[in-house]
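Here is the structure we will look at, set down as structure tokens.
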Amino acid sequence: MKIAFVVQRYGLEISGGAELHCRWIAEHMKKYCDVEVLTTRAFDYITWKNHYPRGKDIINGIPVKRFSVKRARNPRKFGRIQDYILKNEHLEKDELKWLEEEGPFSPALLKYIKRHEDDYDYFIFYCCRYYHSYWGINTVPNKSILVPTAEHDPVIHLKIFKDLLKKPRAIIYLTEEEKKMINSISQNQNILGDIVGVGIETPSNFSAGEFLKRYGIKGDYIIYVGRIDENKGCDKLFDYFLRFKREKTSDISLVLVGSTVLKIPSHPDIFHLGFIPEKEKFSVLDSALLLVMPSFYESLSIVTLEAWALGKPVLANARCDVLKGQCLRSNAGLYYENYEEFKSALDILLSSSRLRKTMGDNGRRYLNKAYTWEIVENKFLSIFNRLERE
Amino acid sequence: MPGKNKGEEAFEGFEEISIDYENIDVADIMSQIKRKISSQQKSFLQGEHLDGKESSLYPPEFETAVGTRSKIKNLLLRIMRPLYPLIKLLILPVYKELAENLARTTERIDRTTERIQRTKEYTKLLHSLTHNIIVELTKLKIEEENLKVKTRIIEKDLELLQKREKALEEKVFK
């Protein structure tokens, strides 16, 4: 069996959730079938400018074919079109224009899919909201499997997606909340689908001591890992954290890991470590008291699962259904909708090491039940088998 | 804490929140937190933030001064005594008024948000309704066109039959 993973960006240095999920799944599925990745030359998810060389590449043993992005995204124009379609009555052609502007606009990739349809048994498309998935699924509907990685984003309610979500042969959801949302949007319950998620592995032998000393981090801290962005709720997190410090006179620090597009408040108890290697990330995460996830939109928060793998509780934004649902199902994290709840939940978590430990243990148990590679691989294989039988 | 089960623990400053460690239930903890916050907000609005003490006629700094029994302070206090009600009038009501205003504004914002939300839903429904009506009308129009064409065909068939009938009659009666 030959499978093609079709994704907007692909590379070891790309840490975006969907792209990482795609890489991990591709690397794990190569045991069972011929796997190839079809992607663009883009690295930057805002403009999709060509960055990687054109042609073939091999990453961790997986053949990767890269196609040029014909036109980079103009963020201002894209913003204007998106604003228009979200606020005005519009036609389907407006939505398609929005999709083209959103990109990554790579007609070469679609041409390749069309020409080589017979060379592959299935095409697994990542992220329903991008150009390559929409036109790719429309090109090879009978061989397409979609991993929508959909969030509670207003654009998911566009008419083009309502129709698109009924077209693939199968859909792989990352969480129950995502499945529920997609089913309610497009009424596509009849399409074969399963909630698959991802397997989580933690590196062995890590120690944060030296690393923390280098950054001058002393004492207890809570941690946020991910892109530091307004869309991820980081501005609110800074506001809440500083208010908490003022009101509670707590000596807790906030450690931020990840690249930033937001101005981080200058405060002696806020440390920004930037983008750090995997092993170091696990080290700082392991030394933290808890992980805080302020994001509004998540289709599956891998870092939340990693925190649970290390036995750390989570304090999540309740406005994100996925994070709230995961906290409730795992009993491994508290959540907040406003500052008062943030303050109380953080205070409770900080004041009881027993609660943190018990919640961390719950997180580990939850992870072992659904998020191991064996389970994920079996779920994928079972979907392939069911499609073959059909 | 009375009525607590084995493995349950209450927190310092969160006496009303108890957690059963044998069987942690996040939904239960969150509902306890929400209850606690709403009761705190209620008591804040009702003026219970003064720890349930009957508010004194005099502002705290004056009371402390009385406690020191300093002669000068006592003298000053005596001089200012007629002004106490005025000072209290200036401080407490303004504070209470602010708190009430804040509560009223929050309530108004909540109501407006709810109204906007409802309007949004109605607009979505209306949009979908209009869309469906247009689809149905289009279908009806196509149906009508089909029927018209069918009628025309039947009319022509009928005409032809009539002509045939006439021709046959003519032949028979010749």
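The values are calculated or read from the model by the stated rules, or taken from the named source; none is laboratory data. None of these values were measured; they are calculated from a predicted model. Glycine gets a Cβ as well: all are built from the backbone with ideal geometry, and neighbour counts include every protein chain shown.
This table checks each residue for (1) of a type in the set (Gly, Ala, Ser); (2) modelled with pLDDT under 85; (3) more than 30 Å from A:Cys128 (Cα to Cα).
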{"site": "A:Thr202", "(1), (2), (3)": "no, yes, no"}
{"site": "A:Leu212", "(1), (2), (3)": "no, yes, yes"}
{"site": "A:Ser250", "(1), (2), (3)": "yes, yes, yes"}
{"site": "A:Leu254", "(1), (2), (3)": "no, no, yes"}
### Query
If A:Leu38 passes every condition in (1) aliphatic (A, V, I, L, M); (2) surrounded by fewer than 18 Cβ atoms within 10 Å (Cβ to Cβ); (3) at pLDDT 90 or above but one, which one does it miss?
(2)
### Task
Say whether the condition of being farther than 26 Å from A:Val196 by Cβ and of a type in the set (A, V, I, L, M) is met by at least one residue in the stretch A:99-112.
yes
### Task
With the condition kept exactly as written, say whether any residue in the stretch A:184-192 is assigned by TED's automatic domain parsing to the domain that holds A:Ser353 and surrounded by fewer than 16 Cβ atoms within 10 Å (Cβ to Cβ).
no
### Message
Please verify whether A:Tyr131 is in contact with a Gly (Cβ under 7 Å, 6 or more places away or on another chain), closer than 16 Å to A:Ala18 by Cβ and assigned by TED's automatic domain parsing to the domain that holds A:Ile191, treating the condition exactly as stated.
### Response
yes
### Query
Tally time: how many residues in the stretch A:129-139 are assigned to a helix (DSSP H, G or I) and either small (Gly, Ala, Ser) or surrounded by fewer than 23 Cβ atoms within 10 Å (Cβ to Cβ) (or both)?
5
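Looking only at the stretch A:243-275, filter to residues that are among the charged types (D, E, K, R) and not in a helix (DSSP H, G or I); which one of those is surrounded by the fewest Cβ atoms within 10 Å (Cβ to Cβ)? Can you show your working first?
Step one: of the stretch A:243-275, the residues among the charged types (D, E, K, R) are A:243, A:245-248, A:251, A:263, A:269.
So of that shortlist, the ones also not in a helix (DSSP H, G or I) come out as A:251, A:263, A:269.
Working: A:Asp251: 11, A:Lys263: 9, A:Asp269: 16.
Per the criteria, the residue is A:Lys263.
Can you list the strands (runs of 3 or more DSSP E) lying wholly within the stretch A:276-390 that have 1 or more residues being within 13 Å of chain B (Cβ to nearest Cβ) and under 26 Å from A:Asp239 (Cα atoms)? Steps first, please.
Values: elements: A:290-293, A:314-317, A:333-336.
Here the list reads A:314-317, A:333-336.
So that you can scan it fast, the table gives a plain yes or no per residue for (1) closer than 30 Å to A:Leu86 by Cβ; (2) at pLDDT below 90; (3) of a type in the set (A, V, I, L, M); (4) in contact with a strand residue (DSSP E or B) (Cβ under 7 Å, 6 or more places away or on another chain):
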site	(1), (2), (3), (4)
B:Leu92	no, yes, yes, no
B:Ala103	no, yes, yes, no
B:Arg115	yes, no, no, no
B:Lys120	yes, no, no, no
B:Ile133	yes, no, yes, no
B:Lys139	yes, no, no, no
B:Leu147	no, no, yes, no
B:Glu155	no, no, no, no
B:Glu169	no, no, no, no
#### Entry: Identity of the residue in the stretch A:214-229, surrounded by 11 or more Cβ atoms within 10 Å (Cβ to Cβ) and modelled with pLDDT under 85, that ends up nearest to A:Leu323 (Cα to Cα)
A:Ile217
### Task
Would you mind telling me which numbered condition in (1) within 28 Å of A:Tyr366 (Cα to Cα); (2) modelled with pLDDT of 90 or more; (3) crowded, with 23+ Cβ neighbours inside 10 Å A:Glu178 fails?
(2)
